[in-house]
């Protein structure tokens with residue numbers, strides 16, 4: 001093993017406290033100092049990692065108690081620290097939040113597992129002296145947790161900052177590491193599924209630069225790095241990775257409409273022997289030559305006019321699926337493959353490979369952790385494996401429903417927890433297509449990438465047209 005890798009875990013008292021903006025600013029600020037910064041994001045999340053990747057210049061990896069064992073989380077963390085000078089873990093929601101009453105899936109538990117010091121980001125809007133009991137409650141709730149410092153976020157000016165600092169210093173043992181003032185120019189806009197993606201913002205890099213400048217001016221970077229050096233995690237001297245020589249090609253859209261892919265899932269594709277070819281649903285008129293197609297999630301509802309206008313590609317994809325091209329689609333990908341998407345009274349034509357129509361709603365139709373039970377219809381898993389894999393965990397977050405499906409629609413999963421297509425089923429099966437609202441992650445409990453690659457390999461002779 002090498003020496004210890006400096007690392008910090010950025011947490012908060014609650015969600016929407018500014019963890020992402022501070023994490024982005026820190027990642028870019030340290031990168032500007034010439035450090036190799038590796039970022040991680042807790043929980044099932046596609047959007048924040050895209051931003052963190054832009055800020056650090058390196059892929060961001062998810063750490064998720066829902067789909068990973070503690071051993072897998074630790075391995076994902078340590079195996080991606082080779083050649084790294086600093087690791088930054090951005091958490092989700094509050095420090096002690098989680099599904100489990102006893103905190104086994106909380107951010108605090110993640111800090112314990114990774115042996116990483118905690119830095120809190122506190123949204124100070126509407127609070128002064130009250131910050132002291134808030135911090136004291138967070139520090140005393142779990143005696144095994146040590147909060148190494150706090151960054152005061154969205155302060156309302158010098159006087160407000162002085163009151164906050166005085167309260168923290170007088171009543172608590174928590175160190176103030178900086179104070180970042182309220183500034184609309186430093187906000188990453190939110191919408192129905194969370195933050196906008198950097199692919200959709202032409203000013204993403206300038207925004208990250210502004211966040212880094214603010215952090216450089218208002219946060220003690222030297223002190224934070226010293227705290228980070230108290231981490232007890234080491235990077236492996238080398239990681240043994242077995243890779244199969246590429247013998248199939250998988251086409252994947254990556255553009256403003258589609259971009260929800262786990263970085264380690266894409267790496268698993270390559271290790272399993274699949275060459276990945278990326279294309280745009282907005283600009284390309286044909287699929288690249290490939291043995292399989294994977295369309296992940298995204299925001300097709302925000303780009304319906306462009307998607308509808310690209311009639312050539314829609315026709316090409318429909319023909320390929322009808323002719324047996326092995327295809328997997330998740331959430332936004334399912335919506336794109338349906339007949340139409342309707343939102344705010346506007347209806348746009350989509351691919352039409354799935355005989356159903358998607359409708360956007362004001363409230364989420366499915367949100368949170370899910371449990372799926374493979375049926376005998378599942379196209380990727382052999383009958384023997386179906387009985388071995390009784391259930392696995394996934395997640396969903398969609399405002400869309402799909403209506404008008406044929407009564408004889410076949411499904412790959414029964415939904416034990418969550419909503420999926422209709423509260424009971426998920427995973428529409430048509431020819432060699434599998435499309436579901438739930439998002440899968442390739443881990444030991446659900447090696448979906450390997451299953452799909454094997455499925456594609458067995459049908460290698462079936463190309464796009």
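As a size descriptor, the averaged projected area of the C-alpha convex hull of the range 365-405 was calculated at 3.7 nm². Averaging the sequence gap over all C-alpha pairs within less than 8 Å and six or more residues apart, then dividing by the number of residues, gives the range 7-228 a relative contact order of 26 percent.
Could you state the number of Å between the C-alpha centres of the range 33-70 and the range 282-302? Taking the Cα centre of the range 33-70 as reference, the centre of the range 282-302 is 24 Å away. Taking the empirical scaling 2.2 N^0.38 Å for compact globular proteins as reference, the range 1-133 has a Cα radius of gyration ratio of 1.03. Here the gap between residue 424 and residue 344, fully extended at 0.36 nm per residue and compared with their Cα-Cα distance, gives a gain of 26.1 nm. For the Cα atoms of the chain, what angle does the longest principal axis make with the long axis of helix 19-32, in degrees from 0 to 90, nearest 10? Between helix and principal axis, roughly 80 degrees.
Once you have the alpha carbon radius of gyration of the range 7-228, what is it after dividing by 2.2 N^0.38 Å, with N set to its residue count?
After normalising by residue count via 2.2 N^0.38 Å, the value is 0.95.
Return the FRET efficiency for the residue pair residue 230, residue 69: r is the Cβ-Cβ distance, R0 is 35 Å, and the value is rounded to the nearest 0.05. Efficiency computed from Cβ-Cβ geometry: 0.85.
Calculated [222 nm] ellipticity per residue, helices only, for the chain: -8500 deg cm²/dmol; basis is -39500 (n - 2.57) per DSSP H run with n ≥ 4, divided by all residues, nearest 500.
Dividing the convex hull volume of the alpha-carbon atoms in the chain by its residue count gives 147 Å³ per residue.
Note on residue 79 and residue 100: their simple-model spin labels are 2.2 nm apart, each label 7 Å out from Cα toward Cβ. Considering only Cα atoms, the convex hull volume of the range 248-458 works out to 107 Å³ per residue. When you count the other C-beta atoms within 10 angstrom of each residue and take the mean per peptide, 254-265, 434-445 line up highest first as 434-445, 254-265. Note: relative contact order over the chain, using C-alpha pairs below 8 Å and six or more positions apart, is 14 percent.
Divide the volume of the convex hull around the Cα atoms of the range 1-79 by the residue count and you get 108 Å³ per residue. Computed from Cα positions, the angle between helix 47-56 and the longest principal axis of the chain comes to roughly 60 degrees. Our summary of shape: the Cα atoms of the range 225-349 have principal axis extents of 55, 39, 20 Å, ordered from largest down, in whole angstrom. Fully extending the segment from residue 407 to residue 385 would add 5.2 nm, taking 0.36 nm per residue of separation and subtracting the current Cα-Cα distance.
Treating each Cα of the range 102-147 as one equal point scatterer and applying the Debye formula with no solvent, the log10 of I(q)/I(0) at q = 0.15, 0.20 Å⁻¹ comes out as -0.44, -0.72.
Taken over the range 406-449, the percentage of Cα pairs per 5 Å bin, counting from 0 up to the bin with the maximum distance, is 5, 21, 26, 28, 14, 4, 1. Our compactness index for the range 314-434, the C-alpha radius of gyration over the empirical 2.2 N^0.38 Å, is 1.06.
Provide the packing ranking of 287-297, 326-336, 126-136, i.e. peptides ordered by the mean count of other C-beta atoms within 10 Å per residue, highest first.
The densest-packed peptide leads the list: 326-336, 287-297, 126-136.
Taken together, the values in this text are just the output of simple stated rules run on the coordinates, not laboratory data. The structure displayed is predicted, hence computed values, not measured ones. Positions of Cβ are generated from backbone atoms using ideal geometry, with glycine treated the same way; all protein chains shown enter the neighbour counts.
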